[in-house]
Structures are given as C-alpha cells and as structure tokens.
1. Just wondering, is there one or more residues in the stretch 339-347 that are modelled with pLDDT under 80, buried (at least 16 other Cβ atoms within 10 Å of the Cβ), assigned to a loop (DSSP other than H, G, I, E, B) and within 28 Å of the chain's Cα centre (by Cα)?
2. Give the stretch 92-119 a look and list any residue that's β-branched (V, I, T), modelled with pLDDT under 95 and in contact with a Leu (Cβ under 9 Å, 6 or more places away or on another chain), or say none.
3. Restricting attention to strands (runs of 3 or more DSSP E) lying wholly within the stretch 10-91, give those where 2 or more residues are under 23 Å from L368 (Cβ atoms), aliphatic (A, V, I, L, M) and modelled with pLDDT of 85 or more.
4. I need the full set of residues from the stretch 293-336 which are under 18 Å from the mean Cα position of the chain (by Cα) and in a loop (DSSP other than H, G, I, E, B), in order please.
5. Working only within the stretch 348-360, note down all residues that are part of a helix (DSSP H, G or I) and over 23 Å from G317 (Cα atoms).
6. Of the conditions (1) farther than 23 Å from A17 by Cα; (2) surrounded by 15 or more Cβ atoms within 10 Å (Cβ to Cβ), A105 fails just one. Which one is it?
7. Just give me the residues in the stretch 361-384 being in a helix (DSSP H, G or I) and either aliphatic (A, V, I, L, M) or modelled with pLDDT under 65 (or both), in sequence order.
8. For V140, are the conditions met, namely being of a type in the set (A, V, I, L, M) and surrounded by 13 or more Cβ atoms within 10 Å (Cβ to Cβ)?
Amino acid sequence: MDRCIVLVDAGYLLGAAASLLAGEPSRSRITVDHAALIQGLRDRAESDTRQPLLRIYWFDGAPDRVPQPEHRRLRVMPRVTVRLGALTRSDGRWAQKGVDAAMHAELTELARNRACSDVVLVTGDGDLLPGMMAAKEHGVAVHLWAVQAADGDYNQSEDLVAEADERRVLDRVWITKAVRAKEIGGICAPPPVPRPEIAAILSAPLPESALSTAPPERPAEEPEHPTTAPAARNGAGERVPPAKGVPTPKDLAALRAPGAHPAPPPASATLRWSSDKGWVDRPAAEPAEAASLPTLAQLTTAEQRWADREEDITTVGGDPYEVGQVFARRWLERLGDHGHLQKLSGMYPRIPHRVDGELLRYAARFGLLAHKDDQIDEHDRYAIRAGFWREIDVRTATERTPGPE
C-alpha cells in the first residue's frame, strides 16, 4: 500500500527534546503542545516519504498502564493510536517496560501485512534492529528520525542508523515548534491560567479554636511532606500563605494513640479535605441533609452509564478541573429534586463525604491522584473539587437568572 506510518517512542522523543532544550532528559523539565507535535510529525512524514499518512502510533509508558491525561488527549486525535507499556520506578529512576517489545511487534506486523510502503521510526533503541530488518525484507522503506543531540553527537544506536534506508534529524528549530523548556523555578511557558476557585478553597478561614489545638509546627529541616502541593494563586496572582502549625497524618495518629502526651483535638474537629490544611469544627457525623444527597451512581441509568463512559473515552481530556466540572454537570442534570442543590450550596467549600468519595474515584479513572514522584498530587485534588464547585455555582446562577418575559 502506498502510504506511510509513523512509530514514535515517546520516551526517546521527549527525553531527547528535554536534553536538548533543558539540559537533562527529564520530561518534567519541558512542556509539550501535543496537537502541534502530532501535526508536525504528520506533515514531516508526508513530505519526506511523499506518501499520505495512514496512522501515527504513539508508544509510551504509564504507571500500571493507566492512561495519563496526555495519553487521553492523544488517543482521541485523528490518525493517532496510543500503545502503553508499564512505567516502573527503580533506584529512584523511572523506567519503561514493554515499550520496545510493543514497537517491534507492531512494526513487523504492519510490514508482514503490507499495510504501508514506508515506515518512519522515531527512536534510538538498538532493540528495534531485528524489527527494522524484518520490515525491509517485506519491502518496506524504513526512515529513521533522530532528535538533535545536545552535544552534537548521535543519540541513537549505530547499528540502527546503519540499517535505516533514510535518516533525518529533527533539529532544535523543528522541536521548539511544539516543545518548550520550563523556566527556572518550575513555571511553564506559557504560564498556567490562574484558578481563583482553587485559591478560595485553600484560603478558607479556620476557627481560632481549631488552630490552637494543632500541635507545634515541625522544624524546617524535618518536613513530613515536602512540596506535597504547588502553592495556589488567587485571581490577583498573589500566593496564598500556608497554614501554620498544621498536623500531618502522623501527628494525627499520635494524638489519638493511647498514652499520647499532646491533648487530643475536640471530638467535633476533623481535618479539612487534606491533612495539610488544618482543623475544621463540625459534627463527627454528617448532618441529615448531607446524608440524604443522592450519589451520581444512584441517579444514573444503565444507558446513561454507557454514554458517560463513551464521553470519558472520546471527549474528556483528563484535566483535573475539567473532570470536576464533568462530574458536577452529570450530577446536576440528573438531580430530580433541586432542593438538594440548595443544601449542597450551603455546605461550601466542603463536599459531602459520599459525593466527594465518588468524585475522587471518578477522577482516578483518568490517572489523576496517582503517585507522582512518590507523592500524591494534592493540587489535583483541589483542582478537581474547584471544578466541581465552579459548575455548581454556574448552574445555580443560571437558575437564579430570570428568563426573558
């Protein structure tokens, strides 16, 4: 068939781009416009091979092979197929497992079935050499693309380079059309849009009596949870100051342990959403109006559940703020008694336990809340809940606005 296929080793492409632009191969040091990157790969492949594109295969690793938000965005793009291997952590470093084998199997199967006349490989791993040789034996022209190396040398297997029919280098100019280095200090370019809703939740006031029960602040040299959440910003761009004297989960366990020296907190005190945000006074049991709120599962029919799953797969990108909005929209649309909505609005910023647990389980489908660098991303949790409350606020305001007479 006179058409081309592109097989991309995302670990190689983005790692080499990070080395080139940021000086080290960590993908956390770059920000990627995936739509621009895919379009650039398609245009370059069709130009180099002089054949129309059939498909781009994107091979990457993910913890437990659960698609991350970037994978969800990629797999709904036209002509893009995502294949995931495992991502494991060993000796403090992340490593892909099964990606090379998946690329080898796809390459040989496509060549055997004569699915294309030209195949473009964006990789540097010599383990793909047998697959490249098999493809050539089936009459497929193999184009090998490299990312410009930071030191000006090769960053690919020499055997792979020698065996390729054609070789091209994706230089700095081409890479920077879709990939940019993060600025020093961890701020991406372009800067993220401020989320005043998140700042409002993080800065909700605590009662003085609650703060007085908190144990002394830990010394700076012994943080319990360093950098568990990025500092949120309010609408004016100012940082929300962190709470002082806040108990950690370990502190909480010590306070409630038999024979503990510090005085335990009041029976009505509990941690607000996250252990690093302090105490909030409220009854130990949820009020009756909170317990009466139906969950989304109770409001959803089998047909709606199927349609929800289809929407999750095809249109929901996985941004934590967006996930919270989608969940709230579905819950509101299926809520028969809108008196429940007034009850919920009066509980801000707290989401009732049953609904909140369901919201976080829904977010987990998108790879959110997973362990990132051995720490749970608390900022995602706040973004999810902020999106939920934003949608509630929008719908409530719409209902309050009188229609045209």
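The values are calculated or read from the model by the stated rules, or taken from the named source; none is laboratory data. Predicted, not measured: the structure shown is a model, and the values here were computed from it. Glycine gets a Cβ as well: all are built from the backbone with ideal geometry, and neighbour counts include every protein chain shown.
1. no
2. First, the residues of the stretch 92-119 that are β-branched (V, I, T): 99, 108, 119.
Then keep just the ones that are modelled with pLDDT under 95; that gives 99, 108.
Of everything in the stretch 92-119, just one residue is β-branched (V, I, T), modelled with pLDDT under 95 and in contact with a Leu (Cβ under 9 Å, 6 or more places away or on another chain), namely V99.
3. Numbers: elements: 30-32, 53-62, 80-90.
Ranges flagged: 30-32, 80-90.
4. T315, V316, G317, G318, D319
5. At the first step, the residues of the stretch 348-360 found to be part of a helix (DSSP H, G or I) are 353-360.
Within the stretch 348-360, H353, R354 qualify.
6. (2)
7. First, the residues of the stretch 361-384 that are in a helix (DSSP H, G or I): 361-364, 378-384.
If the condition is that a residue be in a helix (DSSP H, G or I) and either aliphatic (A, V, I, L, M) or modelled with pLDDT under 65 (or both), then A363, A364, A383, I384 are the ones that fit.
8. Details: of a type in the set (A, V, I, L, M): yes; surrounded by 13 or more Cβ atoms within 10 Å (Cβ to Cβ): yes.
Taking the combined requirement at face value, the residue satisfies it.
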